[in-house]
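The values are calculated or read from the model by the stated rules, or taken from the named source; none is laboratory data. Predicted, not measured: the structure shown is a model, and the values here were computed from it. Using ideal geometry, Cβ is built from the backbone for each residue, glycine included, and neighbour counts are taken over all protein chains shown. For accessibility, only protein heavy atoms count, side chains too; no ligands or nucleic acids. Shrake-Rupley method; radii C 1.70, N 1.55, O 1.52, S 1.80 Å.
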Amino acid sequence: MTTAATYAEPTVDAKRLWSRLMAMAEIGRCGETGVDRPAFSLQDRAARRLLYEWALEYGLKVSQDAIGNLFLRYPGRSPELAPVLTGSHLDSQPTGGRFDGVYGVLAGLEAVASLSNAGIRPARSIEVVAWSNEEGGRFAPGAMGSQIFAGVRSLADVLDVRDAAGTPLGEALADTLAALPEAAMRHGGLPAAYLEAHIEQGPRLDRAGIPVGVVSGIQGCLWLEFDLRGAAGHAGTTPHEFRRDAFEGAVRLIDRLRELCLKRSASCRFTVGRFQVEPNTPNTIPGRVTFTVDFRDSDAVAFDELCRELRATCAPELFELRVRELFHHSPEIFPETIVGVVREAVRSQDLPVFELESGAFHDALFIASTCPVGMIFVRCRDGISHNPVEFAEPADVAAGAQVLTSALLRLCRQGV
């Protein structure tokens, strides 16, 4: 057995990785390339079973915790040391693709498979993790497994959450845990570091013609719900000068909020994702509009200032306004100790270094409260994700897995 201090870095098996991605995509397949694999479903259990069977090929020690996070441990030479963790999730959106989440899990598995086949045993153990219920499509909220692992949320908080059919999460979770009785129950133990590989889910790498990106952090995010009230009235008999049209008021308010954000910060993202009109009939002036704003920025100062201003928004004249906060998380800047390692791993593969922040949530956002974290992005065609046409080239997913393997070995050598 070769020690990690004297190794020649192994080359990942690109064909094996691609084959496993396509095999996993058959579980919950919709149409030619779509995937519908909800958390704690029969399809999710089948995916976990397949991952377990692949883990056995390399003698990995498999465990699961109380929320269903699944861990595959490649033991290091010094098992008393905290492990380096890598992975992502297996569940998908209802109209998902073949790469979101699952790529990070299988890239991690490919990394340890390559180490095992090469006889390389680093000092630290490496654990591949499949976080449960990242998408939140069946049971809200998303990133449930990583939040509970990190202590951000408790298991008791979510057991009574129900899906659209009325099934409680606690029941679906119990069935999922029971479906893999071979996995030992995991209790406690935090990692030394966490590194997550993921498709970018955006267009920057694709437009730059670069296969792998170094992620510097995750944008902060604020979700607000705006409830604007005017007065309903007859569409034909009420002159415009006497109207309190909530739709017109909402449009003006959205324009004002958008201009506020974009003028203050060129890097921000402003999105109105939900818009509901009441009474929503063809011949009635809208009396009430509710809409949501998703605001994101990687600039911590601008983010905090704009969050305060958005929360304190005043109603347009003649209207009543209530603002309710739905979610808030400050920007997460990844530590240079991890970003630098990923940068070195990219250079070691003779790839250009392209740094970018993530605009989407990932499990890494919540694991950051437990240990140093980082991410590796792989380009996806046209930046499309959460869509059956989501696609990443075989050469790119292999390049990302090779960078991940190199970075994991570097982290195992460090004191992280």
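Numbers at a glance
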read-out: The chain - Debye-derived log10 I(q)/I(0), Cα point model, q = 0.08, 0.14 Å⁻¹; value: -0.48, -1.24
read-out: Degrees, to the nearest 10: 394-413 long Cα axis against longest axis of the chain; value: 70 degrees
read-out: VAL373, VAL251, ranked by accessible area, largest first (probe 1.4 Å); value: VAL251, VAL373
read-out: Anisotropy class of the stretch 1-83 from Cα gyration tensor, a/c 1.5 cut; value: oblate
read-out: Selected from PHE366, VAL353, PHE391, residue furthest toward positive end of dipole (the stretch 284-416; charges at beta carbon); value: PHE366
read-out: Between the stretch 69-91 and the stretch 19-58, the alpha-carbon center distance in angstrom; value: 20 Å
read-out: Accessible heavy-atom area order of LYS263, LYS61, highest first, probe of 1.4 Å; value: LYS263, LYS61
read-out: Between the stretch 329-405 and the stretch 293-313, the alpha-carbon center distance in angstrom; value: 25 Å
read-out: Helix 169-178 vs. the chain, principal-axis angle (Cα, 0 to 90°, nearest 10); value: 10 degrees
read-out: Considering only the chain, percent of DSSP beta bridges that pair antiparallel, nearest 5; value: 70 percent
read-out: Backbone HN-Hα couplings from phi across the stretch 335-344 [Karplus 6.51/-1.76/1.60, Hz, Gly and Pro as x]; value: x, 4, 4, 9, 4, x, 5, 5, 4, 5
read-out: Gyration tensor over alpha-carbon atoms, the stretch 1-153, equivalent ellipsoid semi-axes in Å; value: 27, 19, 11
read-out: Rounded D (µm²/s) - the stretch 147-277, Kirkwood Rh over Cα pairs, Stokes-Einstein at 4 °C, 1.567 mPa s; value: 61 µm²/s
read-out: Where the chain is the region considered: accessible area per residue in Å², 1.4 Å probe; value: 41 Å²
read-out: Folded to 0 to 90 degrees: helix 300-311 orientation relative to the chain principal axis, Cα; value: 30 degrees
read-out: Overall Cα dimensions of the stretch 56-145, principal axis frame, Å, largest first; value: 40, 26, 18
read-out: For the chain, calculated [θ]222 nm from helices alone, where every DSSP H run of n ≥ 4 adds -39500 (n - 2.57); value: -10000 deg cm²/dmol
read-out: Rounded accessible area of HIS386 (nearest 10 Å², 1.4 Å probe); value: 80 Å²
read-out: Accessible area (Å², 1.4 Å probe, nearest 10) - ASP13; value: 60 Å²
read-out: Among GLY188, TRP131, PHE149 - extreme Cα towards positive end, dipole of the stretch 100-200, charges at beta-carbon; value: GLY188
read-out: Taking the C-alpha atoms of the stretch 309-416, convex hull volume expressed per residue in Å³; value: 171 Å³
read-out: Sparsely packed GluC sites (Glu not before Pro) within the stretch 135-189, loop by DSSP, other Cβ within 10 Å at most 13; value: GLU182
read-out: Where ARG207, ARG77 fall by accessible area, highest first, once all protein chains stay in place (1.4 Å); value: ARG207, ARG77
read-out: Cα-Cα separations in the stretch 149-193 greater than 12 Å, expressed as whole percent; value: 72 percent
read-out: Accessible area of THR86 in the full protein assembly, 1.4 Å probe (Å², nearest 10); value: 0 Å²
read-out: Portion, in percent, of the accessible area of the chain that falls on carbon or sulfur, probe 1.4 Å; value: 50 percent
read-out: Mean separation of Cα contacts under 8 Å (6+ apart) over length of the chain, as relative contact order %; value: 23 percent
read-out: Ordering of 152-162, 37-47 by packing [mean C-beta count within 10 Å, highest first]; value: 37-47, 152-162
